[in-house]
Amino acid sequence: VVAVVAVVAMGDDVDSFSSNNKSTPQLDDSTIVKWKGSCSSDVDCSLNGLCNTTTGICNCDMPWIGPNCGVLDVLPASNIATYGVTPNVTSWGGNVVFYRGEYHLYVAEMAGGCGLSSWQSNSQVAHVTSTSMDGPFVKQDTALLPWAHNPQVMMIGNDTDAVFVLFHIGAGDNSTKPHPCSTELPTPSQSPSLSSSYSTYHTATNPSGPWTSHTLPMGCNNPSPFRMKNSTWLLMCNGGTWSLHVAPSLDGTWKELPSLPPNPSGTGIWEDPFLFVDPRGNYHALAHAYLYHTPCGSCDSPLVSGHYFSKDAFTWYASDTQPYVHNVSFMDGSTHIFSTRERPKLHFNSDGVPTHLINGVNPRTTCPPTPSVNCKTTPGIDWDFTLIQPLNV
């Protein structure tokens, strides 16, 4: 197995990173974990459980199930639209922190009542709250004005000394004026840059702000942060390949690490990384996965998610098992198939166990002849929303 990425283990410091081995090796059959009917190590259990080498059976951690512990054990969702539809607004995913008895969701929202086809000009970050993870969530304020997209917030400290750190793409400084939905939207060349020599994040000591802007010394598209127990920060970025950066603190010196290998052949394109470390210290990254080709017939590809994992973040593995699918069941007994289910993020309890899966979804099942992944930005059917589904823990 080829060593791919070097990341500090729990308790190590940033100086332990090596600057060697900057290449990005190809993912081969030795690092693609395919279920062979029994396990011989915890890697065969997707690092979501322990392998009983005597019986060859994986004993899965909650909320993971399946013979290789590769599938999230989802429960029926109570509300089809966690945020979006009611109120009549298009939203596109985010994540939640729990603070002083309330759940605070920071979510990408399209200004001006526009659909997601306006995201390159109209996206802003809304701050919405609920007393329950099941919602409904009610908007409190706009945390960041256009242009800002794909937010992920981290809360440092506790209810008495909390600091909120909001990562995103875009400057979030109101320098991009939203376009009316009735006018021609900007082309990508006119839109805010998604990759640059720097990126912006914001901090606040109150969930409603005010927010202070900070600049990272490197570009990071679709940033996914994780703060380790020793206060070391990890930041995963999607710049075509997935890269990792590490720093002893947010304002410390950031080191760029080797990129993750490509995802397995036959599993489409992987994007929207969500990085986390489980209670046993294993590293994981969820992905939105999709196919993009035409003609696509009925255009109902079953592909929607992917999963990287690593014991030490030196060697990364990729599963051929999808952690979640397009189908969502609801408490009223109904089931809906969403054309796309993107921006995967997890909410964790105080023990670091995932309790909810959060996605941006498009309610259409398909939209041929357009590939399903593009239903979300097809004018007229781009009324997307954010969905939270509980996990069985």
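The values are calculated or read from the model by the stated rules, or taken from the named source; none is laboratory data. Small disclaimer: the values here were computed from a predicted structure and weren't measured. Please note: Cβ atoms are built from the backbone with ideal geometry, for glycine as well, and neighbour counts cover all protein chains shown. Side chains are part of the model used for accessible areas, which takes the heavy atoms of the whole protein and leaves out ligands, DNA and RNA. Shrake-Rupley method; radii C 1.70, N 1.55, O 1.52, S 1.80 Å.
When restricted to residues that are buried (at least 21 other Cβ atoms within 10 Å of the Cβ) and not hydrophobic (A, V, I, L, M, F, W, C), the range 294-309 contains 5.
For the range 94-134, filtered to residues that are within 20 Å of Cys375 (Cα to Cα) and among the polar types (S, T, N, Q), the residue that is surrounded by the most Cβ atoms within 10 Å (Cβ to Cβ) is Ser123. I'm trying to understand the selection: among the residues of the range 193-209, which are in a strand (DSSP E or B) and at pLDDT below 95? Selection gives Ser199, Thr200. Scanning the range 135-149 for residues that are open to solvent by less than 10 Å² (accessible area, probe 1.4 Å) and touching a Phe, Trp or Tyr at 6+ places or on another chain (Cβ under 8 Å) gives Phe137, Leu144, His149. Tell me, yes or no, whether the range 251-273 has at least one residue that is more than 30 Å from Tyr99 (Cβ to Cβ) and among the acidic types (Asp, Glu). Yes, there is a match, as at least one residue in the range 251-273 is more than 30 Å from Tyr99 (Cβ to Cβ) and among the acidic types (Asp, Glu).
Within the range 310-335, the set of residues being among the β-branched types (Val, Ile, Thr) and either within 16 Å of the chain's Cα centre (by Cα) or open to solvent by 10 Å² or more (accessible area, probe 1.4 Å) (or both) comprises Thr315, Thr321, Val325, Thr335.
Going through the range 336-393 one residue at a time, which ones are assigned to a helix (DSSP H, G or I) and either open to solvent by less than 10 Å² (accessible area, probe 1.4 Å) or of a type in the set (Val, Ile, Thr) (or both)? Spell out the reasoning first.
Here is the first cut: in the range 336-393, the residues assigned to a helix (DSSP H, G or I) are 372-377.
Within the range 336-393, Val373, Cys375, Thr377 qualify.
In this structure, does Ala318 turn out to be assigned to a strand (DSSP E or B), under 28 Å from Asp384 (Cβ atoms) and modelled with pLDDT under 95? Spelling it out, Ala318 is indeed assigned to a strand (DSSP E or B), under 28 Å from Asp384 (Cβ atoms) and modelled with pLDDT under 95. Identification of strands (runs of 3 or more DSSP E) wholly contained in the range 223-276 with 1 or more residues that are over 17 Å from Pro344 (Cα atoms) and open to solvent by less than 40 Å² (accessible area, probe 1.4 Å) yields 233-238, 242-247. When Thr386, Thr355, Thr365 are checked against the criterion of being under 19 Å from Asn327 (Cα atoms), among the hydroxyl-bearing types (Ser, Thr, Tyr), touching a residue at least 40 places away in the same chain (Cβ under 8 Å) and in contact with a His (Cβ under 7 Å, 6 or more places away or on another chain), Thr355 stands alone in meeting it. Kindly check whether there is at least one residue in the range 284-293 that is touching a residue at least 24 places away in the same chain (Cβ under 8 Å), open to solvent by 70 Å² or more (accessible area, probe 1.4 Å), out of contact with any Pro (no Cβ under 6 Å at 6 or more places or on another chain) and not aliphatic (A, V, I, L, M). Yes, the range 284-293 contains a residue that is touching a residue at least 24 places away in the same chain (Cβ under 8 Å), open to solvent by 70 Å² or more (accessible area, probe 1.4 Å), out of contact with any Pro (no Cβ under 6 Å at 6 or more places or on another chain) and not aliphatic (A, V, I, L, M).
Is the range 286-301 home to any residue that is closer than 27 Å to Arg364 by Cα, assigned to a strand (DSSP E or B) and among the charged types (D, E, K, R)? No, because not a single residue in the range 286-301 is closer than 27 Å to Arg364 by Cα, assigned to a strand (DSSP E or B) and among the charged types (D, E, K, R).
Among the numbered conditions (1) open to solvent by 50 Å² or more (accessible area, probe 1.4 Å); (2) farther than 25 Å from Trp242 by Cα, tell me where Arg280 comes up short. It is condition (2) that Arg280 fails.
Within the group Asn263, Asn282, which residue is of a type outside the set (A, V, I, L, M), over 16 Å from Val71 (Cα atoms) and modelled with pLDDT of 90 or more? Talk me through it step by step, then tell me what you get.
Values: Asn263 fails: modelled with pLDDT of 90 or more.
Only one candidate passes the filter, namely Asn282.
Going by the conditions given, is Asp134 acidic (Asp, Glu) and over 20 Å from the mean Cα position of the chain (by Cα)? For Asp134, the condition - acidic (Asp, Glu) and over 20 Å from the mean Cα position of the chain (by Cα) - is not met.
Scanning the range 231-256 for residues that are more than 19 Å from Leu286 (Cβ to Cβ) and modelled with pLDDT under 90 yields a total of 1. Taking the range 29-59 as the range and being open to solvent by less than 10 Å² (accessible area, probe 1.4 Å) and assigned to a strand (DSSP E or B) as the test, only Gly49 passes.
Thr212: modelled with pLDDT of 90 or more, open to solvent by 40 Å² or more (accessible area, probe 1.4 Å), β-branched (Val, Ile, Thr) and under 18 Å from Gln124 (Cα atoms), yes or no?
Working: modelled with pLDDT of 90 or more: yes; open to solvent by 40 Å² or more (accessible area, probe 1.4 Å): yes; β-branched (Val, Ile, Thr): yes; under 18 Å from Gln124 (Cα atoms): yes.
Yes, satisfied.
Figure legend. Inter-residue proximity from the range 166-193: first residues at positive phi, second residues modelled with pLDDT under 55 and crowded, with 19+ Cβ neighbours inside 10 Å, beta-carbon distance below 8 Å, spacing 6+ or different chains. Indicated pairs: Gly170/Pro192.
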